[in-house]
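Here is the structure we will look at, set down as structure tokens.
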């Protein structure tokens, strides 16, 4: 498996993201796991943070609503 290099900095929008600082991955705000940019599917526009999967994104959303 390829080693991931540098962390990217992104701006998250509805349905897409912009790369502000080039890199290979971002960090999941809940699990602190690396997410390769090719695998990034879940993020919060309001919170400007990434999530490793839909379950994690849902749990974060639930926690913020309580």
It is to be established whether one or more residues within the stretch 9-18 are within 9 Å of the chain's Cα centre (by Cα) and in contact (Cβ under 8 Å) with a residue 12 or more places away in the chain. yes
If I go through the stretch 25-51 residue by residue, how many of them are crowded, with 16+ Cβ neighbours inside 10 Å, in contact with a helix residue (DSSP H, G or I) (Cβ under 9 Å, 6 or more places away or on another chain) and over 13 Å from residue 12 (Cα atoms)? 4
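Read the figures in this text as sums done on the coordinates, not as results from a lab. The shown structure was predicted, so the numbers you read here are calculated from the model rather than taken from an experiment. Cβ sites come from the backbone with ideal geometry, for glycine too, and all protein chains shown count toward neighbours.
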